[in-house]
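Chemist: Here it is, the structure, as structure tokens.
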Amino acid sequence: MLESKIPSGPIEQQWDKCRFEMKLVNPANRRKHSVIVVGAGLAGAAAAATLGQQGYHVRCFSYHDTPRRAHSIAAQGGINAAKNYRNDGDSIFRLFYDTVKGGDFRAREANVYRLAQVSVNIIDQCVAQGVPFAREYGGLLDTRSFGGVQVQRTFYARGQTGQQLLLGAYQALEEQIAASTVTMHTRTEVLDIVVIEGRARGIVTRHLATGRIECHAADVIVFATGGYGNVFYLSTNAKASNATAIWRAHRRGALFGNPCFTQIHPTCIPKSSEHQSKLTLMSESLRNDGRVWVPKAKNDTRAANDIPENQRDYYLERRYPSFGNLVPRDVASRAAKEVCDEGRGVGPSGQGVYLDFADAISRLGLDNVKEKYGNLFDMYEEITGDNAYNVPMRIFPAVHYTMGGLWVDYHLMTTIPGLFAGGEANFSDHGANRLGASALMQGLADGYFVLPSTIPHYIASTSLEKVDTSHPAFSDAKAGVAQRLQTLLSIKGGRTPDSFHKELGNLMWENCGMARSEQSLRYALSKIPALRDEFWKNLRIVGSGEELNQSLEKANRISDFLELGELMCLDALHRAESCGGHFRLESQTSDGEARRDDENFAFVSAWEWAGLGRDPILHKEALTFDYVHLTQRSYK
Ligand SMILES: Cc1cc2nc3c(=O)[nH]c(=O)nc-3n(C[C@H](O)[C@H](O)[C@H](O)COP(=O)(O)OP(=O)(O)OC[C@H]3O[C@@H](n4cnc5c(N)ncnc54)[C@H](O)[C@@H]3O)c2cc1C
């Protein structure tokens, strides 16, 4: 069932070979084919613009009122590429190596190598679009470091890299919209896909302002719908990010890859109140110059600046001298949790560690630090009231990214032929832990380079019957969507959608968060079905379905989180090893590091939906490592 379609031959030649062997569609025939792209973040906008430019008839869907509001706009720190402009030892192979190792050997080597290869083209593409990457005094593109690597390969635009990249992709998309190759459908949420004779042939949508439910048919569907970190309720993700598109595809037969692999980012502003609905990231780029520490003594309540140097524990520098403050995210998050669990955490809740710029300011000067990170310091001050040029920032790990997603083969096609997935929505390249600045790289690699090569091949090599929305499969799917919304509206119980979401998020964070154990996961698995039952009996939504109704939107998305959360816990339970962002308490080394079990778990978990209340079926894609040899990860 899991045919990964990795091309044969040496890894350096696989993508070129694949591109040459894939079939093409003649330019005059392209306009006869239609592609639906769901999502207009970096991955979706890049794919829609490029396929439009190639001449396909593209429709792009987003629940936002403009592509510019996609979650990608929030990305701060940078985008990796193996350009080696610094001449500091970088190469395509090193980016590939760092990513496989950083992902704790749970990603497919061939995909990761391609990502590293394509990374160099992304920077050229974006520069040509006018993306204002930071430059050095002489005019050359500047780079900085991110976690888990020892070279400076991260290109950036202050702390607004995602915004600038998205504006580039958006302009490319707008150009195609003006050329009528792409039609943009904003404020339109995709609530189901339509599968006809085993192939994805369309979608069912709801217009968020009018409530109108519609069907759209196409030859190919692409989901670039982002990540599902909001299953935890509190995360750094945009509030609206959700799993509905990929979850409904999963229910229609698309296998779900590694659902339990969640990234907990070490540098977020700590939670300050029970009423909070969102967490804010402080970019990893800050760890280039900021030093992480806690007091050596437990329960030390002195102000940070009153704690003398010799009473501070720069625990990352102490434990990981080679990588210091720039260890990968999973390692830094766990280390922060450990010092807080020991009673050495700072701030009112004790759930925080310091990120201190005093040394950087005295070394580089205040102006230089402002120039590099100014907008992040401003954001921090707006939220906390503290001026981080004078006192250290307080940070704590938070849910940030999901490495899991729809299982895809080398062509980024899911197990439903004709349904492709790109960007954070697929599981493909980051294994059990994504390295910083690699999500933007992957989203743009998928959107600008991979999908525009593999989708034409699918079209050229498949005989696609003409299908339109009069096919009964569309009316069935449309009726199913309408029925589900009506059921949600008619429950008229006593609890708001948010109250269910919070409870689910808390269960997930406590039991399937930074650390998981068999006991905690079994506990969550016993609680989630009961919460889901209550949701369907005691939910209250005000308003109707024929108008703008954000309670209805939320409830519908939460109904999917309630199913996905259970699968995440099951996947985590099944994977009785620690790897990357998945830390099983039962599987650690004597010094508290994650202990992987390659003998039993060197595979991708790909889960098949078997119906609600039935055990999902686990398929395994075995992972082989021919180029980066399996070793215990060490950043010491
Ligand atoms: C605060 C923050 C900072 C980050 N900083 C960095 C960084 O510096 N470097 C880095 O590499 N990565 C970073 N990341 C990660 C990165 O931003 C994301 O992984 C990436 O932007 C995801 O892009 P995407 O195109 O896959 O999805 P998104 O940008 O999330 O776009 C999803 C799109 O799908 C649409 N959509 C979703 N579901 C539906 C539906 N059912 N119907 C219709 N439309 C739908 C949405 O409207 C949207 O247009 C950061 C993440 C966060 C949270």
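Chemist: Round to the nearest 0.05 the FRET efficiency obtained for ARG495 and LEU618 when R0 = 45 Å and r is the Cβ-Cβ distance.
Modeler: Calculated transfer efficiency: 0.85.
Chemist: Could I ask something else about it? Rank these for me by crowding, TYR320, TYR314, TYR354, going from fewest to most other beta carbons within 10 Å.
Modeler: If I rank by nearby Cβ atoms, fewest first, I get TYR314, TYR320, TYR354.
Chemist: Expected output is a single nm value to one decimal: the length gained when fully extending between GLU608 and GLN632, i.e. 0.36 nm times separation in residues minus the C-alpha distance. What is it?
Modeler: The GLU608-GLN632 span can extend by a further 5.6 nm.
Chemist: Follow-up question, since we're still on this one. Sticking with the crude label model, points 7 Å out along Cα→Cβ, report the distance from GLU136 to LYS296 in nm, one decimal please.
Modeler: Output for this residue pair reads 3.9 nm.
Chemist: Quick one: what Rg and Dmax do you get for the stretch 244-310 from the alpha carbons, in Å?
Modeler: Cα-based Rg and Dmax for the stretch 244-310 come out at 19.7, 60 Å.
Chemist: Just the number, please: percent antiparallel of the DSSP beta bridges in the stretch 1-155, rounded to the nearest 5.
Modeler: 45
Chemist: Please report the relative contact order for the chain, taking Cα pairs under 8 Å with a sequence separation of at least 6, and give it as a percent rounded to a whole number.
Modeler: 20
Chemist: Could you pull out the longest piece of the chain with no exposed loop GluC sites (Glu not before Pro) in it, calling a site exposed if DSSP puts it outside H, G, I, E, B and it has at most 14 other Cβ atoms within 10 Å?
Modeler: 4-135
Chemist: Also, quick follow-up: One quarter of the convex hull surface, Cα atoms only: what value does that give for the stretch 265-400 in nm²?
Modeler: Hull-based average projected area comes out at 7.9 nm².
Chemist: Using every pair of alpha-carbon atoms in the stretch 480-597, split the distances into 10 Å bins beginning at 0 and state the percent of pairs per bin, rounded to integers.
Modeler: Distribution as computed: 14, 38, 24, 16, 7, 1 percent.
Chemist: Between helix 329-341 and the chain, what is the angle of the helix's C-alpha long axis to the longest principal axis, kept within 0 to 90° and rounded to the nearest 10?
Modeler: With both axes taken from Cα atoms, the answer is about 50 degrees.
Chemist: Long-range amide H contacts for PHE420: which residues qualify at under 5 Å (H placed 1.01 Å from N, peptide plane, sequence gap of 5 or more or a different chain)?
Modeler: ILE221, VAL222, PHE223, THR414
Chemist: For the stretch 117-259, what log10 I(q)/I(0) values come out of the Debye formula at q = 0.10, 0.17, 0.18, 0.20 1/Å, with one point per alpha carbon and no solvent?
Modeler: -0.53, -1.21, -1.25, -1.31
Chemist: Are there any chymotrypsin sites (Phe, Trp or Tyr not before Pro) in the stretch 105-176 that are in a DSSP loop and have at most 16 other Cβ atoms within 10 Å? List them by number.
Modeler: Passing both the DSSP loop test and the Cβ count: TYR137.
Chemist: Which distance in nm do the two modelled labels at GLU382 and SER322 give, with both placed 7 Å along the Cα-to-Cβ direction?
Modeler: 4.0
Chemist: Would you calculate a helix-derived [θ] at 222 nm for the chain, using -39,500 (n - 2.57) for each DSSP H run of n ≥ 4 and dividing by the full residue count, to the nearest 500?
Modeler: Roughly -11500 deg cm²/dmol at 222 nm, from the helical runs in the chain.
Chemist: Let me ask another. Sorted from largest down, what three extents in whole angstroms do the Cα atoms of the chain have along their principal axes?
Modeler: Per principal axis, max minus min of the Cα coordinates gives 74, 59, 47 Å.
All of the numbers you see were taken from the coordinates with simple rules; none came from a lab. Just so it is clear, the model here is predicted, and its values are computed rather than measured. Positions of Cβ are backbone-derived with ideal geometry, glycine not excepted, and every protein chain shown enters the neighbour counts.
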